[in-house]
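The values are calculated or read from the model by the stated rules, or taken from the named source; none is laboratory data. All figures in this text were calculated on a predicted structure; none of them were measured in a lab. Quick reminder, even Gly has a Cβ in these numbers, built from the backbone with ideal geometry, and neighbours come from all protein chains shown.
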Amino acid sequence: MSLRIVVCACAVLIAAGVAMADVPQLINYQGMLKSGEDPVTTPTAVLFAIWNDPTDGDSLWSEIQPVSPDDDGRFSVLLGSVSPIPDSAFSGADVYLSMKVDTDPEMTPRSRLASVPYAYLANMVEPSTPIMWSGGCTNHGTAAGWNKYCTNGVDFNTASGYLSVAANGTFTVLIAGYYRINAWAANFCNSQRFIKIDRNGVPIHYDYQINTGSDWRTVSADVTWRFNAGDTFEVYYYNDGGGYAYHSWSSQGQHSRLQVTYVGP
């Protein structure tokens, strides 16, 4: 059975402890595995290699990775996690990535990996993990029931490359790895207060508190979880009516806050 990888995209991940001037030592590679027009959903071994020529040349690095596609054939692997990619593989000239699935011939054409974007990203990203983004919702969450915490406050826009952040509070993961989600807010309700964190619409954290009467309390969550590329997560607060699920964030009065930290691959 002849397999092929389609809709492939590369994203650079700077390894922990690497100086800003260095080229990347890990590459997050995403693609879709198909046999003809049908997605391949079974685990498959793929040989990845970096070459100094688009069709021939010398192999500068290689490793075999077990690829585990989802139901649509999509997969994500961190190249260099099995066999570290040497600095010499990115000596300034363009290099090319090849893939060979099981016993099939090498797929063509090879993917060009330009060194210039790597040097650019190395100077744009913090030199080591963890990397944190923080801010909050500038609106009050006063609706009865669950209120999704928005992310239209300060500096979530700097998460570009790791996360896609919508102002309505939905995070979409671009770089797979462990992320720490730390959230808290001033909550005022009649008797019941909740906070939850959803991953792909399913709670991975849920906390419930009961009050004896209406008053202000802090509701918080601190969760570290591994996310795959394409996963989403959101933070929700609950108000049982007549109060605040969360009070808004501002630089003058920080009554709520959300911090997201990329911990590592």
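Tabulated values for the structure
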| quantity | calculated |
| --- | --- |
| Tally, over the range 136-155, of residues that are of a type outside the set (Asp, Glu) and surrounded by fewer than 21 Cβ atoms within 10 Å (Cβ to Cβ) | 11 |
| Test: residue 180 is assigned by TED's automatic domain parsing to the domain that holds residue 229, modelled with pLDDT of 90 or more and touching a Pro at 6+ places or on another chain (Cβ under 9 Å) | yes |
| Sole exception among (1) under 16 Å from residue 113 (Cβ atoms); (2) without any contact (Cβ under 8 Å) to a residue 60 or more places away in the chain; (3) loosely packed, with under 15 Cβ neighbours inside 10 Å for residue 87, by number | (2) |
| Sole residue being hydroxyl-bearing (Ser, Thr, Tyr), at pLDDT 85 or above and assigned to a loop (DSSP other than H, G, I, E, B), chosen from 103, 108, 151 | 151 |
| Any hit, the range 27-37, residues being out of contact with any Lys or Arg (no Cβ under 6 Å at 6 or more places or on another chain), free of Cβ contacts under 8 Å to residues at least 60 places away in the same chain and assigned to a loop (DSSP other than H, G, I, E, B) | yes |
| Residues being in contact with a Lys or Arg (Cβ under 7 Å, 6 or more places away or on another chain) and not in a strand (DSSP E or B) - total across the range 47-80 | 2 |
| Check on residue 187, modelled with pLDDT of 90 or more, over 18 Å from the mean Cα position of the chain (by Cα) and buried (at least 18 other Cβ atoms within 10 Å of the Cβ) | no |
